[in-house]
Structure formats: C-alpha cells, structure tokens
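Asker: Below are the structure tokens for one structure; questions will follow.
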Amino acid sequence: MKRQLDMNKIARGLGAERKGKAGASGGFFGAMQLRADIEARFRVPARGGRPTDPRWTERRLVPLASKTLERLEELTAIVREHGGVNVQPMQLAAMLLEKTTAQLSEDEAEELVRPRRASR
C-alpha cells in the first residue's frame with residue numbers, strides 16, 4: 001500500500017500555508033493528471049471485468065455527436081499508449097464530466113443558460 005503524504009506537514013516544513021488544491025487543465029500536465037486520476041480511481045470489480053470507478057453507481061445514456069465520440073476515442077488511445085491504462089471512451093467522458101462539473105462555478109453555470117443578446 002502506498003504511503004499518503006501529509007501535505008500540511010510538508011507546507012509547514014517549507015514555511016508555507018496551504019490555500020487550496022491546484023490542478024493541471026490541459027496539455028502534457030493535464031494528460032498526466034488525468035492518467036493519475038484513472039490509475040487512482042479505477043479498480044477491477046470483484047467479479048472480474050473491465051476496471052471502473054467503484055463510486056459510479058448511476059448508468060445513463062449520453063447523446064454525443066460523432067465528432068465528440070471520435071475525439072474521445074483519440075484521447076483514450078493516447079492514454080492507453082502513453083499511460084498503459086486501459087480506459088474506454090465513455091469512461092473517459094464520465095471522468096471529464098465529473099472534473100468539469102466540480103470546477104464550474106454557479107455563475108459560470110448560469111452563464112450557460114442565459115440568453116445571449118443579439119449583436120447590433
């Protein structure tokens with residue numbers, strides 16, 4: 001079992017103060033963060049099968065444009081090739097959806113549904 005790092009102790013040792021969580025959003029570091037998330041969360045079910053996040057209890061159909069599915073397939077191929085992690089396109093979509101909804105503020109959510117004013 002991996003030892004957990006005590007981030008508060010590390011911060012104190014450096015004379016720092018923890019202000020919150022930072023994360024990568026795109027590019028190489030975003031991809032590495034996504035890979036780490038997949039490795040940390042996905043487990044093979046006790047009865048066998050494809051690794052998945054055991055916290056996922058809801059199953060829903062999500063309509064996608066074919067272009068979006070193609071992009072998800074490209075991204076999963078990259079994760080498999082460079083990360084050695086077996087993930088399916090819709091598993092990746094679920095993780096991206098969770099990350100995005102967690103980061104979206106209420107104001108940003110309201111902005112998504114506000115009618116846009118016509119430009120003059």
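Asker: Can you tell me, using C-alpha contacts under 8 Å and at least 6 residues apart, the relative contact order of the stretch 43-108 as a whole percent?
Answerer: 21
Asker: Between residue 55 and residue 14, what FRET efficiency follows from the Cβ-Cβ distance if R0 is 22 Å, with the result rounded to 0.05?
Answerer: According to the calculation, E is roughly 0.10.
Asker: Which of the GluC sites (Glu not before Pro) found in the stretch 58-118 are loop residues per DSSP with 13 or fewer other Cβ atoms within 10 Å of their Cβ? Numbers along the way, then the final one.
Answerer: Values: sites: 58, 70, 73, 74, 81, 98, 106, 108, 110, 111; in loops: 58.
Of the GluC sites (Glu not before Pro), the ones in loops of the stretch 58-118 whose Cβ has at most 13 other Cβ atoms within 10 Å are 58.
Asker: What is the spin-label model distance, in nm, from residue 99 to residue 65 if the labels are put 7 Å beyond Cα along the C-beta direction?
Answerer: 2.1
Asker: Could you work out the local net charge near residue 94, counting Lys and Arg as +1, Asp and Glu as -1, over the other residues with Cβ closer than 12 Å to its Cβ?
Answerer: Summing Lys and Arg as +1 and Asp and Glu as -1 gives +1.
No lab work stands behind these numbers, since they all come straight from the coordinates. All values derive from a computational prediction rather than experimental measurement. Every residue, glycine among them, receives a Cβ derived from its backbone with ideal geometry; neighbour counts consider all protein chains shown.
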